[in-house]
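Report on one structure; see the data block that follows.
The values are calculated or read from the model by the stated rules, or taken from the named source; none is laboratory data. All values derive from a computational prediction rather than experimental measurement. Using ideal geometry, Cβ is built from the backbone for each residue, glycine included, and neighbour counts are taken over all protein chains shown.
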Amino acid sequence: MSALASIGPLTTREFTHESFLTPIPSNINGHPIFPPHNADIPCGSLRIINIHVSAEGLPNTKYFSKTDPVCTFSIQTNLGYQEYGRTEVCWNMLDPLWIRPFTYRVKDTPELLLFSIYDVITNAIAMNQQKFLGAVEIDPISLLNSPTHSLDIPIQPPENAAPKGVFHINYFEIMPCQGALFLTFKGTNLGGPGLKKINPFFVIQRLSPHSNKFVSVYKSEVKLKKRETEWDNVELGIQYLCGGDMSTIIRINLYDYRQRDIDGLVGFFDTTVESILYDKISNFQFTSPHGGKVGNLKVILLNHWTGPRLFDYRLRGVQLGAMIAIDFSATNVDAIITNRVQHLDEGLFSYKAAINDTCDLLYPLTMGEPYIAYGFADFGNSKKLISLSLDKIDNRGLIPNAKTLIQLYTNAKTKITYPKKCYIAPVINEAAIAAQHRWDTERTISVLVILTNGRFADLKEGVDEMVNAEMSPLVIIMVAMGGTRRELDNIFKGKKGILTDSFGRRTQRRILTLVSYSTDRRPNERLPNKIAPSAKKMAREYLEMINFYQEIETNANGPISPISRPFSPQKPPPHIERPRTPPLSRKSSRRGRNQPGSLPMSHSQSIISEKEVIDENFIIFLDS
């Protein structure tokens with residue numbers, strides 16, 4: 001194998017301040033959760049837990065702002081510790097409350113777990129580019145044997161540094177429940193009396209019955225300079241919100257986002273999932289840590305989805321893996337730019353940047369799953385498709401990570417002559433075959449990302465292949481490098497994604513989503529809202545089409561835990577007793593303050609039917 005080309009560091013949007021302004025849900029986080037060839041493993045026979053982490057008293061490493069901590073979770077292997085997953089970044093926080101849990105499968109063999117904390121100082125993906133703050137090493141048995149399902153451990157500092165900080169670990173068992181709540185949140189008078197506007201966002205926490213501590217499970221979008229605002233519709237998985245116990249107390253904390261200072265806790269209130277389900281429209285009042293009234297929040301239940309969501313499928317062994325298909329033709333983008341120029345360039349709108357971005361945006365779904373990569377064009381001698389992994393990166397021809405993928409792409413560019421035509425049908429045909437193999441062996445749905453400028457010599461035949469691939473475990477995202485074209489819009493947009501081939505056959509599900517990488521030489525700011533959400537929705541539609549959940553429920557290979565019954569409101573829930581723990585603050589000075597008394601909760605008359613089904617085009621958010 002030839003030496004791989006040297007490339008610069010890969011970057012991630014996760015390590016930019018803008019990432020904290022967006023919603024952060026709890027989701028599947030970790031790889032590999034399931035062992036190889038998990039298609040042969042009886043469903044329900046594995047023990048899986050969600051590990052939630054937080055810290056307090058971290059050292060401040062910056063002069064003009066606070067530490068920006070992120071936590072990685074690594075598992076001991078024969079080759080040393082291997083990164084398993086990482087949290088989001090908590091910007092400007094010395095007492096971080098990370099939202100994303102680590103989804104961990106309990107092993108039969110002993111192993112050590114390592115939690116490492118870093119201060120983010122660059123947007124490079126590699127953690128060796130960040131500043132190491134300290135680590136905690138545990139034996140999972142000590143956590144599992146804890147009667148409180150939690151551990152509080154001093155953080156071991158870097159060499160020659162003084163010890164500072166405490167690391168908190170809580171875990172919840174994955175329970176036999178499914179479904180989600182779809183909610184709208186409307187805030188008024190946020191911040192209390194007066195005219196001052198804040199940058200509001202809220203964090204939802206659930207009470208652990210074992211430790212009597214609140215654990216963060218969702219952070220909303222940050223709204224800038226608002227006293228009255230409405231947050232986009234939110235999907236909250238029952239698994240993460242309450243583990244199927246609708247009487248679980250949940251706390252909603254209101255914060256004021258401060259870009260260069262620690263976020264201030266404005267107020268909070270407590271409720272239950274049961275109460276939200278019964279009322280359908282609930283009005284709550286935020287109370288400050290000092291007891292003052294600091295705003296109101298209306299919570300509207302749009303839908304209680306009792307069927308499985310994508311995270312429910314993923315907890316039953318379904319995985320997602322990425323395929324990348326790259327257009328190596330020399331077709332024209334506009335009067336000046338050609339497809340070839342975007343290969344030779346390595347700037348903002350180049351193919352290299354697009355590969356980095358798409359791999360980064362898909363990572364929360366595909367985690368550490370290896371890549372399959374193709375190049376397509378009219379290469380001559382009837383060859384329309386090449387594999388970028390011909391050198392067999394592993395014994396299955398899979399590419400282990402995005403960095404190696406970009407190295408292979410960079411090498412391929414030196415050998416390509418950039419022919420004038422490209423063909424899409426061979427790409428779809430080959431991808432469908434590879435996707436079926438991955439599904440049969442590993443229960444992996446393949447997400448095929450096609451990077452192209454969209455001038456196909458066989459677009460009609462390509463659509464025929466897509467219709468043929470409807471029953472394949474394959475979803476397609478076509479990323480138009482220079483913006484979409486009219487012929488692509490006419491075929492792939494509208495009609496709810498239903499495709500019709502040249503024989504009149506129609507698909508029953510959306511198999512392809514068309515997105516633009518740039519528009520008028522400007523980055524597409526909505527790209528993060530398109531790539532992963534579209535892949536989630538299409539993957540779930542495939543699983544529903546093949547009745548996957550019913551299949552595993554009746555799987556004769558092994559036992560299945562019963563599925564919880566949907567909540568049926570009959571009478572108002574009892575009065576909520578406020579737990580003894582104080583509200584969790586993001587400021588050390590707030591800890592230990594006296595908390596206000598219980599708040600009365602209204603039981604508004606429902607005006608939205610619980611059985612109302614929301615339009616599927618509306619539900620494309622937070623599905624992981």
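Of note:
- Here G397 fulfils each of the conditions (1) over 30 Å from A126 (Cβ atoms); (2) out of contact with any His (no Cβ under 9 Å at 6 or more places or on another chain) apart from (1).
- If the condition is being assigned to a loop (DSSP other than H, G, I, E, B) and under 28 Å from the mean Cα position of the chain (by Cα), then region 132-147 contributes only D139.
- Hey, S329 out of contact with any Pro (no Cβ under 9 Å at 6 or more places or on another chain) and over 24 Å from T22 (Cα atoms) or not: no
- Within the option set I281, I252, being more than 29 Å from G30 (Cα to Cα), surrounded by fewer than 21 Cβ atoms within 10 Å (Cβ to Cβ), hydrophobic (A, V, I, L, M, F, W, C) and not assigned by TED's automatic domain parsing to the domain that holds T103 holds for one residue only, I281.
- Among the residues of region 289-326, those that are in a strand (DSSP E or B) and over 29 Å from S446 (Cβ atoms) comprise K293, V294, G295, N296, L297, K298, V299, I300, L301, L302, N303, H304.
- Any hit, region 359-371, residues being within 23 Å of L459 (Cα to Cα) and at pLDDT below 95: no
- Scanning region 268-285 for residues that are touching a Leu at 6+ places or on another chain (Cβ under 7 Å) and either at positive phi or of a type in the set (D, E, K, R) (or both) gives a single hit, K280.
- Evaluation of G317 against (1) surrounded by fewer than 23 Cβ atoms within 10 Å (Cβ to Cβ); (2) of a type in the set (G, A, S); (3) under 25 Å from L459 (Cβ atoms) (one fails), failing number: (3)
- R586 at pLDDT 90 or above, surrounded by 18 or more Cβ atoms within 10 Å (Cβ to Cβ) and within 29 Å of Q239 (Cβ to Cβ): no
- For region 243-271, a tally of residues being among the hydrophobic types (A, V, I, L, M, F, W, C) and either at pLDDT below 90 or in a loop (DSSP other than H, G, I, E, B) (or both) returns 2.
- The set of residues from region 214-247 being of a type in the set (V, I, T) and under 18 Å from F311 (Cβ atoms) comprises V215, V217, V234, I238.
- Of I33, I49, all but one fail to be of a type in the set (V, I, T), at pLDDT 85 or above and in a loop (DSSP other than H, G, I, E, B); the exception is I33.
- Residues being touching a helix residue (DSSP H, G or I) at 6+ places or on another chain (Cβ under 9 Å), modelled with pLDDT of 95 or more and closer than 18 Å to P157 by Cβ - total across region 86-119: 2
- Any hit, region 170-178, residues being assigned to a strand (DSSP E or B), free of Cβ contacts under 8 Å to residues at least 40 places away in the same chain and within 23 Å of T87 (Cα to Cα): no
- Residue ID - farthest from the chain's Cα centre (by Cα), chosen from residues in region 438-492 that are of a type in the set (D, E, K, R) and within 21 Å of A322 (Cα to Cα): E465
- Test: residue in region 458-473 that is in a loop (DSSP other than H, G, I, E, B) and buried (at least 19 other Cβ atoms within 10 Å of the Cβ): yes
- Check on F286, part of a strand (DSSP E or B), buried (at least 23 other Cβ atoms within 10 Å of the Cβ) and more than 27 Å from the chain's Cα centre (by Cα): yes
- Region 139-154: number of residues that are buried (at least 16 other Cβ atoms within 10 Å of the Cβ), within 19 Å of Y84 (Cβ to Cβ) and touching a residue at least 24 places away in the same chain (Cβ under 8 Å): 2
- Per the listing T507, T452, the residue uniquely among the polar types (S, T, N, Q) and closer than 24 Å to V341 by Cβ is T452.
- For region 190-215, a residue qualifies if it is polar (S, T, N, Q) and either out of contact with any Phe, Trp or Tyr (no Cβ under 9 Å at 6 or more places or on another chain) or closer than 18 Å to F20 by Cβ (or both), and the qualifying residues are N199, Q205, S211, N212.
- Neighbours by Cβ (under 8 Å, 6+ apart or cross-chain): first from region 341-365, of a type in the set (S, T, N, Q); second assigned to a loop (DSSP other than H, G, I, E, B) and surrounded by fewer than 18 Cβ atoms within 10 Å (Cβ to Cβ): Q342/S350
- Considering region 167-197, and only residues there that are closer than 30 Å to P140 by Cα and aliphatic (A, V, I, L, M), the residue that is surrounded by the most Cβ atoms within 10 Å (Cβ to Cβ) turns out to be A180.
- P163 fulfils the conditions (1) in a loop (DSSP other than H, G, I, E, B); (2) in contact (Cβ under 8 Å) with a residue 60 or more places away in the chain; (3) out of contact with any Lys or Arg (no Cβ under 8 Å at 6 or more places or on another chain) except for a single criterion, (2).
For every residue, the table says whether it meets (1) crowded, with 21+ Cβ neighbours inside 10 Å; (2) assigned by TED's automatic domain parsing to the domain that holds P158; (3) of a type in the set (G, A, S).
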| site | (1), (2), (3) |
| --- | --- |
| T77 | no, yes, no |
| G85 | yes, yes, yes |
| P101 | yes, yes, no |
| R105 | no, yes, no |
| D119 | no, yes, no |
| A126 | no, yes, yes |
| L133 | yes, yes, no |
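- Only one of I477, I491 that is of a type in the set (V, I, T) and under 24 Å from L365 (Cβ atoms): I477
- The residues listed here are A435, A425; of these, the one that is small (G, A, S), at pLDDT 90 or above and within 30 Å of the chain's Cα centre (by Cα) is A435.
- Of all the numbered requirements in (1) within 21 Å of N401 (Cα to Cα); (2) surrounded by fewer than 23 Cβ atoms within 10 Å (Cβ to Cβ), E56 misses one, and that requirement is (1).
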